[in-house]
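The values are calculated or read from the model by the stated rules, or taken from the named source; none is laboratory data. In this text the structure is predicted, and so the values were computed from the model without any measurement. Glycine also receives a Cβ, built like all others from the backbone with ideal geometry; neighbour counts cover every protein chain displayed. Note: areas computed on protein heavy atoms with side chains; ligands, DNA, RNA excluded. Shrake-Rupley method; radii C 1.70, N 1.55, O 1.52, S 1.80 Å.
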Amino acid sequence: MTESIIKPRMLINGELVNPSDGVTFPLYNPATREKVAEVPEATADDTNAAVAAAKAAFPAWSALGPAQRGTYFKTLARLIRENNTDLARLEAISMGRPMSQYIDGGTAADHFDHYAESWSSIQGQTSLHTPGHFALTLRQPYGVVAAIIPWNLPLVFLAGKSAPALITGNTVVVKTSEKAPLAAARLAELIQQAGFPRGVFNVISGHGNPSGATLAAHMDVRVLSFTGSGRTGRLIQEVAARTNLKKVILELGGKSPAIVFGDADIPRAARETARSIQWNSGQVCMASSRVYVQKSVVGPFLDAYKAALEAVQAGDPTDQSVSHGPQADEAQYEAVLRYIEDGKQAAGELVLGGEGKFAEMKGYFIEPTVFVDTPEDARVMCEEIFGPVVSVNTFDTEDEVIAKANATDFGLYASVFTRDLDRAIRLTKALESGYVAVNCSSPTVAPDLPFGGYKLSGQGREGWLHSMDNFLESKSVLIRLEDGGSE
Ligand code: NAD
């Protein structure tokens, strides 16, 4: 798997550039622990330069018709599809996603294609309800939008934030994650190739400090769309409040419950919930990490669930037969191992994994790990682990399981498995969650529906029918009619 060291660059003001002070940081393949890249660490000056370029590009870009903006999107979507295998490989060697599970390129291209056509739904309102006046609203772009993205699905978030911001006339600075910057850096080359006007679409790389923090504090950034941890989300919100009170959209963590009733299709429930916690090695904000099974069916459920998780193929993520990659880096790996130790101490019964079946492998591989009957107040039940570690607990009654499912600080995605339609509807109403899936689980989502969290899982919503709103101001216009408007 060794290949020559990749030296990605950043896209600032239409140019692919190295950091102004020449400082880069090493990136290691989590499957082999070998160095694969030296990545630019954007300085505060580089970040400011990207924002300045975006600000300078805003008047001309916002003056274009949206259909004209969309022509660049179509070119970019085509280039992404043409380069999908390369993007998948770069993600595999930077954060370990198996190429067999790579969806990011296709999803990103879909976002650009969708928004290229969706501009006609940007509309204001008119009103004659103020006597003597004609009233209307305008929807206008803010100016410079910043997007700060995590490492688990980089291009999905990069495109899901920047496409609606750009089509509505804003200009954009994206900061990628230090853990997975390679596919995004390749995308930056494709953005340049697609011919976007200089400064409209900038992509920088680096750690939270200095580039992320500089964006959060920047007085010329009017909207900041963030996906990542609650800890960073709060920091950004605080900095935004202290500086220019920029609009902040937060997509944060989760501790998603899946509830399996005795009347459910048990093999399906086991298959769906196992995939949910294993896909991307559990590094998914909406993974079903707390599974509640009605006592009458816990035996058959656990048999099918464990069988599904035992069947994973761990190995080189660039091998198409591999379905289970490593954790993204050493820090994630160590954090997940600590949670497994916590789970062992918490009096839950370990029924699968946790004993280091993959310990002999060179990379940061963790086998799917299942605890049963873990106390509800244990750390593994309350905190987001972001790894393939799950607790399966039992329940007797509907009221009991609703209370347990809602007894969390998070509220991103919940699943209910039952054949009883009335019960399914009662549960969807009762669960405190931005998403409720019935007889299916994450990572399945509908792209046109709003996605976002209750409680500590975030604020705001994203989605094809919602994201453009995030990047448009509403201006009310009142026009006095000289004749008093009498009809
Ligand atoms: P993170 O918060 O550590 O990092 C996210 C981004 O913020 C990175 O680009 C990082 O460099 C940047 N950052 C760090 N410190 C910063 C600062 N002080 N100012 C500005 N930017 C800063 O999160 P992560 O580890 O990359 O991602 C995992 C988290 O993301 C999990 O909690 C997961 O649940 C969450 N997530 C949520 C969603 C969602 O849609 N709700 C989707 C995916 C991931």
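The table below lists the values:
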read-out: Tally of residues being more than 20 Å from Asp409 (Cα to Cα) and surrounded by fewer than 15 Cβ atoms within 10 Å (Cβ to Cβ) across region 374-396; value: 1
read-out: Yes/no for Phe410 being more than 14 Å from the ligand (Cβ to nearest atom), touching a strand residue (DSSP E or B) at 6+ places or on another chain (Cβ under 8 Å) and under 18 Å from Leu250 (Cα atoms); value: no
read-out: Residue match in region 265-286 (condition: in a strand (DSSP E or B) and either modelled with pLDDT of 95 or more or among the hydrophobic types (A, V, I, L, M, F, W, C) (or both)); value: no
read-out: The lone exception for Val39 - which of (1) over 19 Å from Pro150 (Cβ atoms); (2) touching a residue at least 12 places away in the same chain (Cβ under 8 Å) it fails; value: (1)
read-out: Any hit, region 151-160, residues being polar (S, T, N, Q) and in a helix (DSSP H, G or I); value: no
read-out: Unique residue being small (Gly, Ala, Ser), at pLDDT 95 or above and surrounded by 22 or more Cβ atoms within 10 Å (Cβ to Cβ) when the list is Ser229, Ser177; value: Ser177
read-out: Restricting region 195-212 to residues that are more than 16 Å from the ligand (Cβ to nearest atom) and open to solvent by 10 Å² or more (accessible area, probe 1.4 Å), the residue that is farthest from Arg81 (Cα to Cα); value: Arg198
read-out: Conditions (1) under 26 Å from Gln101 (Cβ atoms); (2) open to solvent by less than 50 Å² (accessible area, probe 1.4 Å); (3) more than 13 Å from the ligand (Cβ to nearest atom); number of the one not met by Gly453; value: (3)
read-out: So Thr137, is it of a type in the set (Val, Ile, Thr), away from the ligand (no atom under 16 Å from the Cβ) and open to solvent by 10 Å² or more (accessible area, probe 1.4 Å); value: yes
read-out: Selection within region 140-172 - within 18 Å of Thr214 (Cα to Cα), within 12 Å of the ligand (Cβ to nearest atom) and of a type in the set (A, V, I, L, M); value: Ala146, Ala147, Ile148, Ile149
read-out: Candidates Leu235, Leu187 - the one that is assigned to a helix (DSSP H, G or I) and open to solvent by 10 Å² or more (accessible area, probe 1.4 Å); value: Leu235
read-out: Test result for Lys357, free of Cβ contacts under 8 Å to residues at least 12 places away in the same chain, open to solvent by 60 Å² or more (accessible area, probe 1.4 Å), of a type outside the set (Asp, Glu) and in a loop (DSSP other than H, G, I, E, B); value: yes
read-out: Filtered residues of region 431-444 (kept if under 15 Å from Ala287 (Cβ atoms) and without any contact (Cβ under 8 Å) to a residue 40 or more places away in the chain); value: Gly434, Ala437, Thr444
read-out: Check on Arg480, open to solvent by 50 Å² or more (accessible area, probe 1.4 Å), over 26 Å from Ala159 (Cβ atoms) and touching a Gly at 6+ places or on another chain (Cβ under 8 Å); value: yes
read-out: Matching residues in region 234-273 - criterion: being of a type in the set (A, V, I, L, M), more than 16 Å from the ligand (Cβ to nearest atom) and out of contact with any helix residue (DSSP H, G or I) (no Cβ under 6 Å at 6 or more places or on another chain); value: Leu245, Ala264, Ala269
read-out: Residue identified as surrounded by fewer than 23 Cβ atoms within 10 Å (Cβ to Cβ), at pLDDT 95 or above and not assigned by TED's automatic domain parsing to the domain that holds Lys404 among Leu215, Leu245, Leu224; value: Leu245
